[in-house]
Amino acid sequence: MGGVTSFCSRLEGVREGEEALTSAVRAKAAPRTGVDWFLLLMRVVLFSVIIFGFFAFVWQQFDSNNPLARQINPDATGLKSDQVKGLFVTGLSQGAMYGLIALGYSMVYGVLGFINFAHGEVFMLGAFSGFITSTKLDQAGYWEGNAFIPSVLIAVLVALVVSTSAAVIMERVAYRPLRGSPRLIPLITSIGVSFFIQNTVIVLFDPGSKSYPRPPDWMTDQYSILSFDIEGTKIAVLIVAALSMAGLWWFVERTKTGKAMRAVAEDREIASLMGIDVNKTIVTTFAVGGAMAGIAGILWGLLFRSVTATTGFLPGIKAFTAAVVGGVGNLGGAMAGGVSLGSAEALAPLVLLEPLGINGASQLRDAVAFTLLILVLLVKPTGLFGEKLSADDRA
Amino acid sequence: MSDLISNDMTEDGSNELVDRGAFDLDWNRVGRMGALAALAMWFVSLSGMPVDLDSRAIIDPDLSLGYLALVVIPVIFGWLVGNEVVLEGMAATKRGPRDVVAGAAVGLLSGLATAILLVLINNFDIRDPLVNWSPDLLSLLTFGRSNAFGIFVWLLLSAVLGVAGASLRLLAPRIRRAIIVVLVSVLSMSIFQAVIDDLFGAIDPLIDLLYAKTGGLTRQGAIVIAVVSGGLSLTGRGRIKAARDDYAAKTGPERTRQTAIMLAITTVLLIVLPFFTGKIINELLANVGIFLLLALGLNIVVGLAGILDLGYVAFFAVGGYTTAVLTAARPGESWPDWLPHTPWIVALLITIVIAAMVGLFIGAPVIRMRGDYLAIVTLGFGEIIRILFLSDWLNGFFGGAQGIINIPAAEFGFIGEVSGVSPRSVFYLVLVFAAIAIYASWRLERSRLGRAWMAIREDESVAEAMGINTVNAKLMAFVVGAVLASFAGAIFSAKVGSIFPSSFLILISIIILVVVIVGGMGNILGVIVGAVVLIGILGGPRQPGLLTEFSEYKLLIYGALLIWMMLQRPEGLVPNVRRSRELHQEEFLQDAWLKGEVDHDDGTPGDGVDPDGGTEVAPA
Amino acid sequence: MSERILDINKLSVTFGGLHALRDLDFHVDEGEIVGVIGPNGAGKTTFFNMISGMVAPTSGEILFEGKSLLGLDPNQVTARGIARTFQNVRLFANMTIAENVMVAQHCRTKQGVWGSLFNTRAFRQEEREIREHAEKVLGFFGTRLIGYRLEQPASVLSYANRRRLEIARAMATKSRLLLLDEPVAGMNPMESAELTGLIGKLRSEWGFTIVMIEHDMNVVRDVSDRVVCLDHGETLAQGSFEEVSSNPDVIEAYLGRPLEKKTT
């Protein structure tokens, strides 16, 4: 395996060169065409919304009779700092889940260079299998008291098995035959896979919304940590997400298989010449991504306690957004992107938009998430923390 | 195009044939196929399809759509197990009893799976998560009799069907084709019952002969159709092919004339058709037309320019909402009173302008992105637009979740008006716009802009180096697509009379994408076929198709279809020659190389073409 | 002295610490054929990418007909009058041969959506002209790209014919300056000799000025007025073929230093 390590480090140098190349290619002078001017205008407008919104928010903290907001919306009220903290914690825990899902997008994009649109469904399958396990356990009386923790572990185990095998089967059936075909073909296929899985769950388990059984009280109680009041489930979500992230980091950076994954991400062909079993590595990538999504699925179930066949769609797209925000192929970036996205979409509507006099701003949460995606791609297309892709995938 | 995909045995006899014993099989493969067939049986049974679709008869007492969904599985896998990749010049296995054995084995395995399922349902109850684990399914699987009877019948029937599927390969291609034609004709005559009822309702004896009172073909009807279609297939096949080749070979004015005649006949038929069909069918035709318009627009964006726009529904929504806001008496309370509500046709013109502007607005930021990022970002835009229409913030303009209601009919002076009350009028309106869209696609494909789009699809950076302003060309594709979608939106709002944000889910984008892909990307005829077949038979997201019973399963089928198309026929059912070459590039080149069709270097000795400059230049 | 068509001063580009080009000075006069040679990795293709606007230089200046090309997009550079071919032939493989050449006239034509929708007279006129020009350009290579071939996809062409079609596509842009990246690579001696003659004709009959990257020294010798040798992103030598080919630095760049020198 020493060969692979030195080979990877050798590639690092090449990669820096490539990055500089693309940045040099992308370096453009001042706007020249109409499109450039329009994009500049768009950036200016988006940044002014952020700046003015924040300004109006700060103003509201001091003077509840904020004329800026009153101009447009006479009912605008300032947000208390407690509320902000609450929103932040909610955003953080939701963002942690986005981050966990985003890891799968990021790894698959890094290795195969395509967006696995169906990854959101892998997450949904995790949440759904968690629902089935937890209701069964609840019926048997194991979803409370001392049995709760072992029961959750069983549910996690089931979700891991279901999500991992879903991801692996997906790769085998739908994506492996398409390696090397034009870029958009696997993407379109993955849309089909996503559609198929969603509707499979609908026809097999009926389309209604399913509720997780109620967790014991100590899970839903509020705990005060560093002047933040945090619900028990949210603490659990944050802890589990951090642990999974650490585990993944260890796996990718410290194990042989992880090194093989990185090598395949750099250059599939050369990696196979170095004696790495590319197929196996790709399967592992899908499996690990699926496992992360499965964990996220259970966490989702514990936090929101409701799951439907379409649960995977929006979190899936947002997790992709998180991956892009953090820089595709960059695992730390994916987590950071998830957390930023989660807190941004929780805070921005009420902190930035409400003070500007937009009523019902919290309905615009999803719109905020997608706007963030557009903003990041406009301002820094390689993500906040830099992409890690092979030269081919950047093209 | 079928010769591009060499998954079938070569039939030109160029391969050496090896005879192998009846049991000299690749048992691994048989086992795999049998397992897949078994899985498929379970999946279909537990999806609830057999029970739900049992009410729809295909041939009155004998076969319902529900049973058909099950019995087709052994046939398909029996056929598939005989699939063999045959390379040019390699020895192939001779067809024979071997295939029958394999088919029987696969069929038997699927039958076994059904029998096991039957026993399991009888003894365990896991109806809690699996809603279709029901007594209904059990009684369907046992044919309403005892369990032992059910087990026996499924084992026997599946084995027989597996053999039937496998033995299709043993038949001469002519006969095989005839059998497939017969099956497809019987099935489609049954599916199209509503249409045929409307068209020939006057000829009572014919309808009585063909169809049972309770729906589905009668036995004698099925036999008549089978005999007629089989006979036609055996005798007429060659003629159709000859006529097509003849048409393809023609050039110049004669071809133009023939095309014009065909177009004229189609037009007349389409104009006359709605007078004979009833309200339900006309409604269906109108829906097909609206989706066709959308698909034609997306075809320009995806098929020609190669931009995967998943937020395409946004333009449909913008078209619908703009028209609604402009024509409805009171769209939302914040809407200024001084704004006149305009007649539909004026609203349409404004809609076009606004859709084009939204096209530019969405297009500008995404146009420089990588193709796959673009797909997700446009999807994001699609959601943003729907969320904005839904939001309280813009409630005063667009009515939020309550939408806009009381949208008046589209008035066309003395010609009449178009509204949902009269689906026929909607159909005519759609027909006009579909004709415009088809004409526009056809013209653009053969123009400077169309060539630029294709070049961008092929290789964007080279296209730019060859002097094409890729940003402008791609924006133009966005705008043209947006305008076509806005037509559909404008007609939709006049037709339905009310619109809600929930009419414009991302789902619609994906269904339109399936239509374009199933028909054939970049191919106008393919898109038309795709829209008619998919929307007509299965139905749109909310709109029922001919198989109304399918409504619960159509999205599942769309998903499966999308995967299958991408894996097996990315060029679509009606392929565009160039597009399919692109998608099967390697196979194509390989085949051509094997057949010696690739152009050889002209300078090589033995090649007839003499390089004209070759002798003038003194070799160095 | 004829007019100076392309003038490059102190052009540099750096890829993350790697100097692909360093303070390069280069010029082309109207009607010249300049051969660019140099060992692999000398920065020749980067040099072309930079002229054609695909890579932005870190510093320096590119003047075409006296006006700077810096900051222009590749399509704007082509519109100014510089067209190029690619080292690894990059045709639009699924478009027909005629279309490949027709699409290259994009920046010289202007009919848009309206013209094509209403099939206006101007549109038909322009389409006819595009088609005629395409056939004329393809006819330059004899009979092998015209006739029945016009409607065949470019993917069926042989390697040599693909190279020819690429040159035709560059010619069709109606540029003044052609940048040919290894035009005869992969051709057999007869074909490359023929193409050498045609490159000469490109200047004498069509009036193109040509800059050509080429490894085949016979071709470079036969057709170039002036030869520039690049190595490690710098100009090693320039002048007539004889001067450059006898320059010891050039020989060293290609063949390496003699063994005894290396050991000392």
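The values are calculated or read from the model by the stated rules, or taken from the named source; none is laboratory data. None of the values given here were measured: they were computed from a predicted structure. Positions of Cβ are generated from backbone atoms using ideal geometry, with glycine treated the same way; all protein chains shown enter the neighbour counts.
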Within the stretch C:85-103, is even one residue within 8 Å of another protein chain (Cβ to nearest Cβ), of a type in the set (A, V, I, L, M, F, W, C) and under 18 Å from C:Leu195 (Cα atoms)?
-> yes
Report whether or not B:Leu157 is modelled with pLDDT of 90 or more and surrounded by 15 or more Cβ atoms within 10 Å (Cβ to Cβ).
-> yes
Residues being at the interface with another protein chain (Cβ under 10 Å from one of its Cβ atoms) and part of a helix (DSSP H, G or I): count how many of those fall in the stretch A:327-360.
-> 1
Verdict on C:Ser192 being modelled with pLDDT under 85 and hydroxyl-bearing (Ser, Thr, Tyr) | no
When the stretch C:17-40 is examined, which residues are found to be touching a residue at least 24 places away in the same chain (Cβ under 8 Å) and more than 17 Å from the chain's Cα centre (by Cα)?
-> C:His19, C:Ala20, C:Leu21, C:Arg22, C:Asp23, C:Leu24, C:Asp25, C:Pro39
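Within the stretch A:259-286, take every residue that is closer than 17 Å to A:Gly110 by Cβ and surrounded by fewer than 19 Cβ atoms within 10 Å (Cβ to Cβ) and give me the one that is nearest to the chain's Cα centre (by Cα).
Here the answer is A:Val283.
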Run down B:Ile151, B:Ile116 and say which single residue is at pLDDT 90 or above, crowded, with 18+ Cβ neighbours inside 10 Å and among the β-branched types (Val, Ile, Thr).
-> B:Ile151
Tell me, which residue of the stretch A:36-54 that is closer than 17 Å to A:Ala348 by Cβ and without any contact (Cβ under 8 Å) to a residue 40 or more places away in the chain is nearest to the other protein chains (Cβ to nearest Cβ)?
-> A:Val45
Those residues of the stretch A:211-246 which are crowded, with 20+ Cβ neighbours inside 10 Å and within 14 Å of chain B (Cβ to nearest Cβ) amount to A:Tyr212
Test each condition in (1) assigned by TED's automatic domain parsing to the domain that holds C:Thr46; (2) buried (at least 24 other Cβ atoms within 10 Å of the Cβ); (3) over 26 Å from C:Glu214 (Cβ atoms) for C:Leu180 and report the one that comes out false.
-> (3)
Scanning the stretch C:110-133 for residues that are surrounded by 13 or more Cβ atoms within 10 Å (Cβ to Cβ) and either in contact with a strand residue (DSSP E or B) (Cβ under 9 Å, 6 or more places away or on another chain) or closer than 20 Å to B:Asn469 by Cα (or both) gives C:Gln111, C:Gly112, C:Val113, C:Gly115, C:Ser116, C:Phe123, C:Glu126, C:Glu127, C:Ile130
Of all residues making up the stretch B:448-466, the number that are at pLDDT below 90 and not charged (D, E, K, R) | 1
Picking from C:Ala185, C:Ala193, the residue that is within 30 Å of B:Arg451 (Cβ to Cβ) and in the same structural domain as C:Leu255 (by TED's automatic domain parsing) would be C:Ala185
What helices (runs of 4 or more DSSP H) lie completely within the stretch B:395-486 and have 1 or more residues being more than 9 Å from chain C (Cβ to nearest Cβ) and small (Gly, Ala, Ser)?
-> B:395-398, B:423-445
Using the structure shown, decide if A:Val324 is part of a helix (DSSP H, G or I), surrounded by fewer than 24 Cβ atoms within 10 Å (Cβ to Cβ) and not polar (S, T, N, Q).
-> no
State the number of residues belonging to the stretch B:108-155 that are in contact (Cβ under 8 Å) with a residue 40 or more places away in the chain, aromatic (Phe, Trp, Tyr) and closer than 30 Å to A:Ser134 by Cβ.
-> 1
